[in-house]
Amino acid sequence: MNDKKIYRAFENRYRGPRELIKSRLRIYLPFVEQLKSIYIECKAVDLGCGRGEWLELMTENGFEAHGVDLDEEMLTDCNERELSVSNEDAITYLQHLHAESLVLVSGFHIVEHLSFDTVQTLVIESFRVLKPGGLLILETPNVENLIVGTTNFYLDPTHQRPIPPLLLSFLPEYCRFARTKILRLQESPELANSNEVRLLDVITGASPDYAVVAQKNALPEYLSLFDAAFAKEYGLTLDALAMRYETKIEQRFSDMESQLQSIYASRSWRITAPLRAAFDMLLLAKAILLNIPRTAKNVIKKLLDSILAPIIIFSLAHPTLKAWILAWMRRYPQLESWLHKFAETRGIIAHSTTSQIYSEEDYMPSTEPSRLTQSTCHIYADLKAAIERHKKGDQ
Amino acid sequence: MRIVIDLQGAQTPYSRNRGVGRYTIELVKAMVLNPMGHEIVLALNGAFPDTIEAIRTEFNDILPQKNIKVWQQFFDTTANNLKNMWRKKAGEILREEFLNSLDGDIIFSTNLQEGFFFPACASVKILPTNSLICTTLHDIVPLLNPKMYLRDSMTRNWYEEKIDFVKRSDIVLTVSRSSRDEICKLLKIPLEKIHITYDAIDPAKFRQKNIKIDDKERLLAKMKISGPFVMYAGGHDLHKNLDTLYSAFSKMPKDVSCRYQLVMVGAGIKLEEKFNRNKLEKMGINNNVVFTGHVDDDDLVMLYNLCDLFVFPSIHEGFGIPPLEAMACGAAVIASNTSSLPEVVGYQDALFDPYDDVDMAKKMEHALTDSKFRGFLKEHGIQQAKKFSWDNSAKSLLTLFEMMVKKDGSVQSISTTSDPIQNIIRHVASLSPDLVFDDKDLIKLSISIAETFCTRKNHSRRLFVDVSDVIKKDHLTGIQRVVRAICSELIKNPQTIDVELVYTSPGDHEFCRANALIDKILGRSKSCAIDEIIEFCSGDILLFLDLHPSVAISHRKKIQFLRNKGILVYHVVYDILPALRPEFFWSELCFEFSDWLSAISNSDGAICISRAVADELAGWLKANGQKRLRPFNIGYFHLGADVENSVPTRGLPDDAPQVFAQLAARPSFLMVGTVEPRKGQKQTLSGFEKLWAQDVDANLVIIGKEGWNVKQLVETLRHHPERSKRLFWLEGISDEYLEKVYAVSTCLIAASEGEGFGLPLFEAAQQKLPISARDIPVFREVAGDHAYYFRGKEPNDIARVVREWLALFKSDQHPKSDDMPWLTWKQSTQQLLRVILQEQWHIEWINRKAIQ
């Protein structure tokens, strides 16, 4: 009982006022009106009729409409408006009807609450109970809209899983309906026509709902009455939006480019060229001035490496020269030690750092504790103990 | 008297190719060749693994291998890195305690100046010792030129420590009198304490030679020498004084100098060539001077023989080997009158003042123009060279040692029963706390100590048998059956040597005790929770009994380490068919096998399972073997033929009686073995087809599962028209069935083109089934006269043999197998042990030069 109350409150908050809903439902009128041209008696059933907006609309348009819903609270609204409703399960209701007894079966935002098997049964039963040329309308959220598909669909905790348009439109075809039509619905009318598509629009602007309208086979002259309605294009796809956005951006860029070109070509630009050059040089001079200490260091370092180092190497290789230089350097011990250090750091004097005693390939026993022999472990323990004792002894 | 000699001077890359290295090896070799009744033990540092095999080879024929001991040092002690200070001290302690533990009367170190660039350790008396310490100080050139050699504090400190060690030694050796005088003066060591062991030369190499005209022309052309020449050979350091030589040469009278060339021999001098040419040009002698660069020993000896005069103008030498070499070759030698050269040359008139180029020029001119003088120089040189020999130096050194030891009286002030390991621990623990070390250093030190000293209780040698493959999975292959049989014998029965079963794996270099297998053999429940890691001691033997190629290949360095340490490593070789007949095996196996053969040829030897395989292995090594130093021993033993005590399989299929009846109906020839190309079933089948076509009434029974690469043959067998009539193929039959088949068969055909041993022959002999075998060496070896042999790879050959044999059979003259000798596994194992322990080798393979 509580769930139902919550659902009603939820619906009240998020579903929208009655008139708004009804106005949206009018989009189906071009389809259903033609039914009256074929049949005198037009019985229609709305599965999951909710607050009965569709029933109202149908009754206003000359249909004998009946609705079923499992939610008693919802049905109170219908009863208040004296609409024909009953509190029962949609599938069971359909199954009790005689074959070919209705012209119209509809279900607005019900299939996303049902398991796929149930939806399939629904379509099959609908086919049975519809008269030739009869229509099945199923409306459900359109997850091509990225916001719907990722977020809004899941706002309703009773939604099962999204049904993409291609899947829902395949079902009736599979169940031997003659033709189906996908109508994308409820997009923003401004967006539908404008070229000013923003990035957010691409993400959120595709039609948030869609419906599948399926028609049972009939004589061609009857079917042709519905051709116009079936031929029309409905709604806003994600692809279309993305394309429009891209085109807009491209256009912007090419506009900017041509603007830039005209600036470069203009006389004022050409005239001011020398001025700009002078300004650039000023910036460069500024940069250099700021960097002089660092660059000077680099320059000196490079000089040393490229000139002094080879000189030292050459001298060392020639004993007479070396002896002469060394003799001369003895007079300037500070210079001598500096040169010595210089030579060491540049690797000229063989002051080798660590020598590798075992090359990569030589055998080196593992120092992993698990790979040590017993003797090694004993020795290691004794060593550690002796060192500890010695440390303590010192203190 | 026992003399322990530290041979690091021949190990470090710094010394081993120079005078010090030569001194070390030649002097010690001379001592070993003529030890005057004393025992000599050599000590090597394990931190230079590549040098140990070469040294062991050098002494292989003259010193028992067990007299060469190696201590291990798995950490870096190089002194020119301040981070190594603690490690350096620890290494010194380890070395000294190790040398002490060898109980020598004398510990002789051929060069203390090691360890600055490489991880050698050399110290004197940082631990108390019972031995007399003798060290050689070759020269003190750094002390005489401290500004050039001892400028920075690190080098200076290190060198001063070494000098301090020299002063602490009981005996100081040097190589010349002048060097001794210098040492006495500068180091303030009393003259009596310093003794001289002269450097020398190898008289077999450096001697007078009769040189044929052709060789002379060829050599002179190669060296670009056009006529008579004056020669110098040696280094190019400053003190070699070459500039004065050039100057002296130019100052000779023109009519003399224009007739001669000045030939400078030495790699270092060659580097100077361009630099010197300008100078020589200015002196006007550029066209007379030839730089030869490095010259190999044979050419060097010839040059010494051919030169007209040899000049050695060096200002300072410790000894001066080149003039000695020249004199030995009969050259006329003149040299400086400074440092050691007067001693070496030994003739006053042959000397000049190296600082005076005019004096040098005069002497050169005199020698070149006065033929009598030159002749006298040559004569004198030959006699003088005889005075220097390694043998003489060795003798005088040993005599000196004898005298010192007698004088010393070997005061046993330190208990020799103390544990070396505990000593090391004590001393390392009391190292200064300023020296930084971390836990890893301690672990590496512990490993080094454990690998250096044998901690086994009774120091007995052990035989370790590697069974790495059998451990993993029981494939029930022939090889694994051999391994299990031999292991069973070794473990169940006490042997003359302790035996351990061990295993390892390619990724892990340690060997572990195979407790599970030992338990299984002894039939007891699990005795140990973990398989402890094996500790090897010098003198042990490691035998790879199992065939596990990846282990042998991956453990090359570990095996080299073990061999360096003094452990003998052998492999059992079952056959080398993948190398000899690769067509019988798939290619990956052949590649791995040839890698395995190369790997095992680095060990000490191989024991094959038949003489035939031993000969094949020797042949393969001769053709493909890589360079190795010590000889590779090849032996062989025979496998046992008694069936394992396992429960034989039972089971006879329903059609068995029928089969037996058919087999008994006519002569049945048996082939036992996997159906494989090399077993020869294809040839035999074709042969029998010919026989059947000629209405010879005989059965062919093939027993064995399908093997590799025989799809076509198998198809033929399965759909053969004679199948179940006169051709039988019995796959996967039980032992019981097999026994019954033997009982009704007439002859075993062993047509295999290659076998390691030939166990099927023994099986047949035990069933008293006659044998007809292919004439290959291994079958001859095991069957001897107890089989009928055939040759040829054509079907006709088989057909002919069968017909011949049937003829013999009719008259009961066929060779019988009843008395064919076979061994039990007990006997086989004993044979294997005899080969290994008593060194009963069949072939020794030596290959000092690389084959390629």
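The values are calculated or read from the model by the stated rules, or taken from the named source; none is laboratory data. Because the structure is predicted, anything quoted here is derived from the model rather than measured. Heads up, the Cβs are rebuilt from the backbone with ideal geometry, glycines too, and the neighbour counts pull from every protein chain shown. What goes into the accessible areas is simple: the full protein's heavy atoms, side chains included, and nothing from ligands, DNA or RNA. Shrake-Rupley method; radii C 1.70, N 1.55, O 1.52, S 1.80 Å.
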**Asked** Within the stretch A:53-76, is there a residue that is in contact with a Gly (Cβ under 6 Å, 6 or more places away or on another chain), surrounded by 17 or more Cβ atoms within 10 Å (Cβ to Cβ) and more than 20 Å from residue A:126 (Cβ to Cβ)?
**Response** yes
**Asked** Which members of the stretch B:532-553 meet the condition of being open to solvent by 50 Å² or more (accessible area, probe 1.4 Å), within 14 Å of another protein chain (Cβ to nearest Cβ) and part of a loop (DSSP other than H, G, I, E, B)?
**Response** B:532, B:535
**Prompt:** Just checking, how many residues over the stretch B:149-201 are touching an Asp or Glu at 6+ places or on another chain (Cβ under 7 Å) and open to solvent by 50 Å² or more (accessible area, probe 1.4 Å)?
**Reply:** 1
**Request:** Please find, within the stretch A:210-259, the residue that is least open to solvent (accessible area, probe 1.4 Å) out of those that are β-branched (Val, Ile, Thr) and more than 22 Å from residue A:26 (Cα to Cα).
**Result:** A:249
**Fill in**
Those residues of the stretch B:422-436 that are under 36 Å from the mean Cα position of the chain (by Cα) and more than 8 Å from chain A (Cβ to nearest Cβ) come to a total of 3
**Prompt:** If you check residue A:383 against the conditions, is it at pLDDT below 80 and either in a helix (DSSP H, G or I) or more than 13 Å from chain B (Cβ to nearest Cβ) (or both)?
**Reply:** no
**Inter-residue pairs, beta-carbon under 6 Å, first within 19 Å of residue A:136 (Cα to Cα) and in the stretch A:214-240, second of a type in the set (A, V, I, L, M) and buried (at least 19 other Cβ atoms within 10 Å of the Cβ), 6+ apart** = A:214/A:136; A:215/A:135; A:216/A:130; A:222/A:38; A:234/A:183
**Message:** Cβ-Cβ under 8 Å, sequence separation 6+ or interchain: first residue in the stretch A:154-171 and more than 14 Å from residue A:144 (Cα to Cα), partner of a type in the set (Gly, Ala, Ser) and open to solvent by 40 Å² or more (accessible area, probe 1.4 Å). Which pairs?
**Reply:** A:160/A:115
**Message:** Can you tell me which of (1) out of contact with any Phe, Trp or Tyr (no Cβ under 9 Å at 6 or more places or on another chain); (2) in a helix (DSSP H, G or I); (3) within 14 Å of another protein chain (Cβ to nearest Cβ) is the one residue B:96 doesn't meet?
**Reply:** (3)
**Message:** Of the residues B:370, B:296, only one is without any contact (Cβ under 8 Å) to a residue 24 or more places away in the chain and either under 36 Å from the mean Cα position of the chain (by Cα) or on the phi > 0 side of the Ramachandran plot (or both); which?
**Reply:** B:296
**Request:** Kindly establish whether residue B:291 is at pLDDT 95 or above and either open to solvent by 10 Å² or more (accessible area, probe 1.4 Å) or of a type in the set (Phe, Trp, Tyr) (or both).
**Result:** no
**Asked** Can you name the residue in the stretch A:277-309 that is open to solvent by 100 Å² or more (accessible area, probe 1.4 Å) and farther than 21 Å from residue A:341 by Cα and is also modelled with the lowest pLDDT among such residues?
**Response** A:294
**Request:** Looking for whichever is among the aromatic types (Phe, Trp, Tyr) and open to solvent by 70 Å² or more (accessible area, probe 1.4 Å) here; the options are B:708, B:692. Which one fits?
**Result:** B:708
**Item:** Residues of the stretch B:446-460 classified as assigned to a loop (DSSP other than H, G, I, E, B) and either at the interface with another protein chain (Cβ under 10 Å from one of its Cβ atoms) or modelled with pLDDT of 90 or more (or both), total
**Value:** 4
**Fill in**
Within the stretch A:343-370, of all residues that are open to solvent by 60 Å² or more (accessible area, probe 1.4 Å) and modelled with pLDDT of 80 or more, the one nearest to the other protein chains (Cβ to nearest Cβ) is A:364
**Prompt:** Is there any pair with a first residue in the stretch A:297-318 that is within 14 Å of chain B (Cβ to nearest Cβ) and in a helix (DSSP H, G or I) and a second that is at pLDDT below 80 and open to solvent by less than 70 Å² (accessible area, probe 1.4 Å) whose Cβ atoms are under 6 Å apart and which are 6 or more apart or on different chains, and what are they?
**Reply:** A:313/A:348; A:315/A:321; A:315/A:322; A:315/A:325; A:316/A:322
**Prompt:** Among the residues of the stretch B:12-57, which ones are in a strand (DSSP E or B), within 14 Å of chain A (Cβ to nearest Cβ) and open to solvent by 50 Å² or more (accessible area, probe 1.4 Å)?
**Reply:** none
**Item:** Residue tally, condition within 11 Å of chain A (Cβ to nearest Cβ) and within 40 Å of the chain's Cα centre (by Cα), over the stretch B:267-293
**Value:** 4
**Message:** Tally up the residues in the stretch B:58-92 that are open to solvent by 10 Å² or more (accessible area, probe 1.4 Å) and part of a helix (DSSP H, G or I), please.
**Reply:** 10
**Message:** Residue under question is residue B:243, and the condition is that it be open to solvent by less than 70 Å² (accessible area, probe 1.4 Å), within 30 Å of residue B:407 (Cα to Cα) and either among the acidic types (Asp, Glu) or within 14 Å of another protein chain (Cβ to nearest Cβ) (or both); does it hold?
**Reply:** no
**Message:** Go through (1) at pLDDT below 90; (2) on the phi < 0 side of the Ramachandran plot for residue A:177 and report which single condition fails.
**Reply:** (1)
**Item:** Residue list for the stretch B:746-793, restricted to those being open to solvent by less than 30 Å² (accessible area, probe 1.4 Å) and assigned to a helix (DSSP H, G or I)
**Value:** B:761, B:762, B:764, B:765, B:778, B:779, B:782, B:783
**Item:** Of residues in the stretch B:6-21 being in contact (Cβ under 8 Å) with a residue 40 or more places away in the chain and more than 20 Å from residue B:99 (Cβ to Cβ), the one farthest from the chain's Cα centre (by Cα)
**Value:** B:19
**Request:** Might you let me know whether the stretch B:411-421 holds any residue that is within 14 Å of another protein chain (Cβ to nearest Cβ), surrounded by 13 or more Cβ atoms within 10 Å (Cβ to Cβ) and in contact with a Phe, Trp or Tyr (Cβ under 8 Å, 6 or more places away or on another chain)?
**Result:** yes
**Message:** Checking the structure you have, find out if any residue of the stretch A:163-174 is open to solvent by less than 50 Å² (accessible area, probe 1.4 Å) and farther than 30 Å from residue A:41 by Cα.
**Reply:** yes
**Message:** Residues to consider are A:184, A:128, A:161; find the one that is in a strand (DSSP E or B) and among the basic types (Lys, Arg).
**Reply:** A:184
**Fill in**
Only one of (1) more than 20 Å from residue A:246 (Cβ to Cβ); (2) of a type outside the set (A, V, I, L, M); (3) loosely packed, with under 15 Cβ neighbours inside 10 Å does not apply to residue A:180, and that is (3)
**Complete:** Picked from the stretch B:560-616 (must be of a type in the set (Phe, Trp, Tyr) and over 22 Å from residue B:53 (Cβ atoms)), the residue modelled with the highest pLDDT is B:574
